[in-house]
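Here the structure comes first, spelled out in structure tokens, and everything after it is commentary.
Read the figures in this text as sums done on the coordinates, not as results from a lab. In this text the structure is predicted, and so the values were computed from the model without any measurement. Cβ placement follows ideal geometry from the backbone for every residue including glycine, while neighbour counts extend to all protein chains displayed.
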């Protein structure tokens, strides 16, 4: 084959790559924290059928889960200015990520809450625990514990999905890749390197989430 | 400057949606076939074959679909062949789907109790016979719901191919939004189009899952 690979042509752009990784991780972290917060709220409202919020969250979840992330992003970034809502590319990306993960985590956490046996809640009530205590220790904690692996996978999926934010010029990792390949004309090498960086990121984020799960979500008995 | 009526917009989006459907079906069928191969490799007794399959799955589940499309698009171009976007889109989505489907199905095969393998082995069945007569018929029943569920991911995944220039629903939407200066309406319709395609599939997957769990509960 006449083509010779040249990966040094990618390595010299390490600054751009580092900035890209930073923005990708920031989007992921924002999405994870705010998205899971929305998801927890939505899950409680849905599981306990609190009207009319249960229905509103139901529609929100179905709308988001049945449309592609890139269309949600375009709608927010290109569509909303028609209503006078003008957002910067990073703001739009952040909002899209949070809204997207919020919908998925609503469904995931709801499944966890609904799997809590009623007897546990009644038992906690008979121990004179307050409603807040019951919610925190008997409902939310075990529910999150149960669905933590699913939630972690979804966070990784969302991180990989942020790569389409390059299309609205949010400067995350894929944006850096596009910039680099437009400079060094080494598209294939650039995308291989960046794909491997994503692979490392998803392994790293997964490991981190496992750690967090072990530290905070899964409490050891008697601790 | 052409004037676009709502009817023009809808008609063009309809054509785009047909490409979305075509690409989804292609990726589902080819990805499913390739996924079976990956599944077989993943369950091989040869360690290196198993490792290779695991690496393949890990790579496609750990990198963005967009990167995979770029690599296919620019990778084939290196061979000196001009790649039409539809080919890169179909190939990229096929690889992506095969990895996910193989992993989903492996979970289903793994959920068959070990005793079933041992019992069929004691009947002197070969690995293929065990698969064909004992394991697969049971695993398939479990696999239907998550497989239908994943088809929703494929339909949504096709939207990413708009970035490499494949004129499906999202790309058509982008072009129309630029031409009409009505992005709010156009992307609203685009989202509606995906919803119409995906919602029945999601709903079907959920009802299959309920039915399956129901049938387990009644035993």
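A few comments on the model shown:
- Calculated FRET value between residue A:183 and residue A:208, using beta carbons and R₀ = 41 Å, to 0.05: 0.80
- Model label sites at residue A:153 and residue A:83, defined 7 Å from Cα along the beta-carbon direction, differ in position by 3.3 nm.
- Relative contact order of chain A, pairs being alpha-carbon contacts under 8 Å that are 6 or more residues apart, as %: 31
- Each part reduced to its alpha carbon centroid, segment A:123-144 and segment B:37-70 end up 43 Å apart.
- Among B:72, A:45, the ranking by other beta carbons within 10 Å of each residue's beta carbon, starting with the fewest, stands as A:45, B:72.
- Cα-based helix-to-principal-axis angle, A:141-161 vs chain A, degrees rounded to 10: 20
- Residue with peak Gaussian network fluctuation, chain A [Cα springs, cutoff 10 Å], from A:57, A:175, A:78: A:78
- Length-normalised contact order for chain B - Cα pairs under 8 Å, 6+ apart - percent: 28
- Taken along the Cα-to-beta-carbon direction at a fixed 7 Å, the label points for residue A:131 and residue B:6 span 4.5 nm.
- When the Cα convex hull of the protein assembly as shown is projected onto planes of every orientation, the mean area is 26.9 nm².
- Within segment A:139-223, the ratio Rg/Rh, alpha carbon atoms throughout and Rh by Kirkwood, equals 1.17.
- Separation of alpha-carbon centers, segment A:154-223 and segment B:155-169, rounded to whole Å: 21
- Linear extension gain, residue B:178 paired with residue B:77, 0.36 nm per residue minus alpha-carbon span: 33.5 nm
- Three-way shape label, segment A:11-222, alpha-carbon gyration tensor, a/c 1.5: oblate
- Chain A: calculated mean residue ellipticity at 222 nm from DSSP helix runs of at least 4, using -39500 (n - 2.57): -22500 deg cm²/dmol
- The fewest-to-most ranking of B:8, A:6, B:82 by surrounding Cβ atoms within 10 Å reads B:82, A:6, B:8.
- Whole-angstrom gap from segment A:29-103 to segment B:170-195, using each part's C-alpha centre: 19
- With a Förster radius of 56 Å applied to the C-beta separation of residue B:48 and residue B:192, the computed FRET efficiency comes to 0.70.
- For B:186-192, mean number of other protein chain Cβ atoms within 10 Å: 6
- Exposure proxy ranking, count of Cβ atoms within 10 Å, fewest first, for A:94, A:159: A:94, A:159
- Cα gyration tensor, chain B - rounded (a/c under 1.5), prolate or oblate: oblate
- Each peptide in A:211-217, A:34-40 receives the mean, over its residues, of other Cβ atoms within 10 Å, and ordering these scores from highest gives A:34-40, A:211-217.
- Gyration tensor (alpha-carbon) shape descriptor, segment B:1-99, a/c threshold 1.5: prolate
- Measuring r between the beta carbons of residue A:59 and residue B:204 and using R0 = 25 Å, the FRET efficiency lands at 0.85.
- Ellipticity estimate at 222 nm from DSSP helix runs (n ≥ 4, -39,500 (n - 2.57)) divided over chain B, nearest 500: -27000 deg cm²/dmol
- Shielding by other protein chains, A:81-93, mean Cβ within 10 Å: 1
- Working from label points 7 Å from Cα in the Cα-to-Cβ sense, the residue B:21 to residue B:213 distance is 3.2 nm.
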